[in-house]
1. Sort out which residues of the range B:53-95 are away from chain A (no Cβ under 12 Å), under 24 Å from the mean Cα position of the chain (by Cα) and of a type in the set (A, V, I, L, M), and write them in order of number.
2. Being closer than 30 Å to A:VAL28 by Cβ and open to solvent by less than 40 Å² (accessible area, probe 1.4 Å) is the filter here; which residues of the range B:16-55 pass it?
3. Within the set of pairs 6 or more residues apart or between chains, which connect a residue that is in contact (Cβ under 8 Å) with a residue 60 or more places away in the chain inside the range A:47-65 to a residue that is among the charged types (D, E, K, R) with Cβ atoms less than 8 Å apart?
4. For the range B:107-129, what are the residues that are surrounded by fewer than 13 Cβ atoms within 10 Å (Cβ to Cβ) and at pLDDT 90 or above?
5. If the requirement is being over 23 Å from A:THR165 (Cα atoms), open to solvent by 90 Å² or more (accessible area, probe 1.4 Å), in contact with a Gly (Cβ under 8 Å, 6 or more places away or on another chain) and not aliphatic (A, V, I, L, M), which of these qualifies: B:GLU103, B:GLU85?
6. Among the residues of the range A:161-195, which ones are among the charged types (D, E, K, R) and touching a residue at least 60 places away in the same chain (Cβ under 8 Å)?
7. Checking the conditions here, which among A:ARG171, A:ARG180 is facing chain B (nearest Cβ under 10 Å), out of contact with any helix residue (DSSP H, G or I) (no Cβ under 8 Å at 6 or more places or on another chain) and open to solvent by 20 Å² or more (accessible area, probe 1.4 Å)?
8. Exactly one of (1) at pLDDT below 95; (2) in a helix (DSSP H, G or I) is unmet by B:ALA42. Its number?
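The values are calculated or read from the model by the stated rules, or taken from the named source; none is laboratory data. As the structure is a prediction and not an experimental result, all values here were calculated from the model. Glycine gets a Cβ as well: all are built from the backbone with ideal geometry, and neighbour counts include every protein chain shown. These area figures cover heavy atoms from the full protein model, side chains too; ligands, DNA and RNA do not enter into them. Shrake-Rupley method; radii C 1.70, N 1.55, O 1.52, S 1.80 Å.
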Amino acid sequence: MSSSSPSGSGSDLTERRGIPAAKFIQDVETYLSQSGLDPNSALAFHQERLQQYKVVEMKLLAQQRDLQAKIPDIEKCLEVVATLEAKKGTGEALLADFEVSEGIYSRACIEDTDSVCLWLGANVMLEYSCEEASALLKNNLENAKASLEVLVADLQFLRDQVTVTQVTIARVYNWDVHQRRVKQVTPTAIAAADS
Amino acid sequence: MQQQGSKSGSEMEVTWEDQQNINIFSRLNNRVHDLDDDIKSAKEKCENLEDAGNELILADEEMVRFQIGEVFAHVPRDDVETKIEEMKEATCKSLEKLEQEKESIVTQMAALKKVLYAKFKDSINLEED
């Protein structure tokens, strides 16, 4: 059931990257009469929407966590390549202690070199010159940061829609309670007036 | 942040402006939580660098094993000292920036709270649960 409530006020977007926007309702009564829903159905619809938003939020948060872990990794690689480049001119070898296994370290002597090997994933490692490696890593870093920005914007949009939906649910519920109370009061008032 | 129904059942009109204020408040609230985490890790990093600097002064080896990426490179002591100073400065600066951002956001949130409570009184709850 798609919500196309004409009484909703214009939000800036109707959807963003597959996430539907929650239409803001100016007036609950108009909304209910125009959509032909009774309060309970309307509440059920919005509750379901809220659940769907939550599912998407979980997915986006997981993606965000992945990216946030990836970025420091790339930065570390860039640091190492920069160190190797700095050492290139001097002719000295770089001594480094690296972890062979948990708690066990070994010493490596890294000669002056022009190239490094980069692990690209999927059991593939390619040899690059230091400059190319630097450029590739910087590119990856830029892309990761850009993706993260887009993701954060998506999450903000999503949270706005969640808030709008929560407020709508509260308003429909309140309106319904108000209506029931008015209905209860009116017959009593009429009975009192008659007697 | 929760929006609770009004117990008196009075009909409270919610305008688009109110909704936008609520949305902005929610965004700021989330941002504050993220900032708190960032500030915590920046503070930790600053402390670690302090400790490292102090250890360096106490140690009298010429070659220090300095962590670059996943390996420990043998670097002369002076270079390490310079590097640690630089990192400390960068971290402290970013910590300052984060704290300033948090302060400004907290002020904005207080202002929004005033506006929203003025309109909705009991019908809205903007406190941390």
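1. Once the filter is applied, which keeps residues that are away from chain A (no Cβ under 12 Å), under 24 Å from the mean Cα position of the chain (by Cα) and of a type in the set (A, V, I, L, M), the range B:53-95 yields B:ILE84, B:ALA90, B:LEU95.
2. B:ASP18, B:GLN19, B:ASN21, B:ILE22, B:ASN23, B:PHE25, B:SER26, B:LEU28, B:ASN29
3. A:GLU57/A:ARG159; A:LEU60/A:ASP154
4. Result: B:THR107, B:ALA110, B:ALA111, B:LYS114, B:ALA118.
5. Exactly one of B:GLU103, B:GLU85 is over 23 Å from A:THR165 (Cα atoms), open to solvent by 90 Å² or more (accessible area, probe 1.4 Å), in contact with a Gly (Cβ under 8 Å, 6 or more places away or on another chain) and not aliphatic (A, V, I, L, M), namely B:GLU85.
6. Residues satisfying the conditions are A:ARG171, A:ASP176.
7. A:ARG180
8. That leaves (1) as the condition not met.
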